[in-house]
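Inspection log for the structure reproduced underneath, given as structure tokens.
The values are calculated or read from the model by the stated rules, or taken from the named source; none is laboratory data. From a predicted model like this one, the values you see are computed outputs, not experimental measurements. A quick note on method: Cβ atoms are made from the backbone with ideal geometry, for glycine too, and the neighbour counts reach across all protein chains shown. Ligands, DNA and RNA are excluded from the accessible area calculation, which covers all protein heavy atoms including side chains. Shrake-Rupley method; radii C 1.70, N 1.55, O 1.52, S 1.80 Å.
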Amino acid sequence: MPIPKGALVVSCQARADNPLHGPVYMSAMALAAEAGGAKGIRANGAEDIAAIRAVTALPIIGISKVFDDRFAVYITPGFEDAARIAKAGADIVGIDATARPRNGEPVERLIARIRSELGKEVFADISTLEEGKAAHAYGATYVATTLSGYTDETASRKGEGPDLELLEALVAALQVPVVAEGRFDTPDLVAEALKRGAHAVVVGTAITNPREITKKFVRAAEARNP
């Protein structure tokens, strides 16, 4: 099931230290996002994906976060990780498609296996134009700006808001849908991304993480009333 052009995709994820962690809460979050008009969901882990699939027909970008101190890549690093989330109900498999070392297949082989063996589309999270071009060449269905600011090469961008320059460069260079993701925390930024050619925009924390949203308001209140 493809991601519609112009769609808002809501990332429904919560780490283990978050009070909303777990499939019950994430499936409810996905339903709330759908009720608000979202046209797709991004979710992590087979349990959350299965719970979300049970309550919505929206396209799901599934990822599997596997943390390993030896490797920087943790978003669906290997084929078995991809197979689990595909079986759970993901329509599209999201992977880290950066050039960094990983505990799994090389990016080109991972994309090929997901496409041929699982029959799933691939959503490639990248951080640079070169990585986006490579993911396209390897057969990724979507290329997303997700990891700009989160790799050593692009770390300086993390505090600068979303990487609209990378978005524009990818749109100009690639013949696949380019998705804007990463620090799109206001409706105006979502609109700007679509204006600059994004096929869709993924928003996570600004919608689905009440703890971080609360912190933002508290910081503003404390700055006003020291």
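Looking at segment 97-128, which of the residues that are closer than 18 Å to Ala200 by Cα and not polar (S, T, N, Q) is most open to solvent (accessible area, probe 1.4 Å)?
Glu121
State whether one or more residues within segment 187-200 are among the small types (Gly, Ala, Ser), over 15 Å from Val9 (Cα atoms) and open to solvent by 50 Å² or more (accessible area, probe 1.4 Å).
Filtering segment 187-200 down to residues among the small types (Gly, Ala, Ser) leaves 191, 193, 197-198, 200.
Now narrow it down to the ones that are over 15 Å from Val9 (Cα atoms): 197.
If we keep only those that are open to solvent by 50 Å² or more (accessible area, probe 1.4 Å) too, we end up with none.
No, that holds for no residue.
To keep it simple, each residue is scored yes or no on (1) under 29 Å from Ala38 (Cα atoms); (2) out of contact with any strand residue (DSSP E or B) (no Cβ under 6 Å at 6 or more places or on another chain).
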residue: Ile61; (1), (2): yes, no
residue: Val66; (1), (2): yes, yes
residue: Ala82; (1), (2): yes, no
residue: Lys87; (1), (2): yes, yes
residue: Arg113; (1), (2): no, yes
residue: Asp125; (1), (2): yes, no
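Which ones in segment 149-158 are in a helix (DSSP H, G or I) and among the hydroxyl-bearing types (Ser, Thr, Tyr)?
Initial filter on segment 149-158 (in a helix (DSSP H, G or I)): 152-158.
Residues satisfying the conditions are Thr154, Ser156.
Please verify whether Arg157 is charged (D, E, K, R), open to solvent by 20 Å² or more (accessible area, probe 1.4 Å) and over 29 Å from Lys133 (Cβ atoms), treating the condition exactly as stated. Talk me through it step by step, then tell me what you get.
Numbers: charged (D, E, K, R): yes; open to solvent by 20 Å² or more (accessible area, probe 1.4 Å): yes; over 29 Å from Lys133 (Cβ atoms): no.
Answer is no for this residue.
If I ask for residues that are open to solvent by less than 10 Å² (accessible area, probe 1.4 Å) and of a type outside the set (Val, Ile, Thr), which ones from segment 23-48 would you list? Steps first, please.
Residues of segment 23-48 open to solvent by less than 10 Å² (accessible area, probe 1.4 Å): 26, 30, 38, 40-43.
Residues satisfying the conditions are Met26, Ala30, Ala38, Gly40, Arg42, Ala43.
Quick check: is even one residue across segment 203-225 over 23 Å from Gln13 (Cα atoms), of a type in the set (Gly, Ala, Ser) and surrounded by 14 or more Cβ atoms within 10 Å (Cβ to Cβ)?
no
Gly89 versus (1) open to solvent by 40 Å² or more (accessible area, probe 1.4 Å); (2) more than 16 Å from the chain's Cα centre (by Cα): which is the lone unmet condition?
Only one criterion is unmet by Gly89, namely (1).
Looking at (1) part of a loop (DSSP other than H, G, I, E, B); (2) surrounded by 17 or more Cβ atoms within 10 Å (Cβ to Cβ), which is the only condition Lys5 fails?
(2)
Under 6 Å by Cβ, and 6 or more places apart or on different chains, what pairs join a residue from segment 36-57 that is closer than 15 Å to Val93 by Cα with one that is assigned to a strand (DSSP E or B) and basic (Lys, Arg)?
Note: pairs meeting the criteria are Asn44/Lys65.
Under 7 Å by Cβ, and 6 or more places apart or on different chains, what pairs join a residue from segment 114-133 that is of a type in the set (Ser, Thr, Tyr) with one that is open to solvent by less than 20 Å² (accessible area, probe 1.4 Å)?
Matching pairs, first to second residue: Ser127/Thr98; Ser127/Leu147; Ser127/Ser148; Ser127/Thr151; Ser127/Thr154; Thr128/Thr154.
Exactly one condition in (1) more than 16 Å from Asp125 (Cα to Cα); (2) open to solvent by less than 30 Å² (accessible area, probe 1.4 Å); (3) of a type in the set (D, E, K, R) is false for Asp163; which is it?
Single failed check for Asp163: (1).
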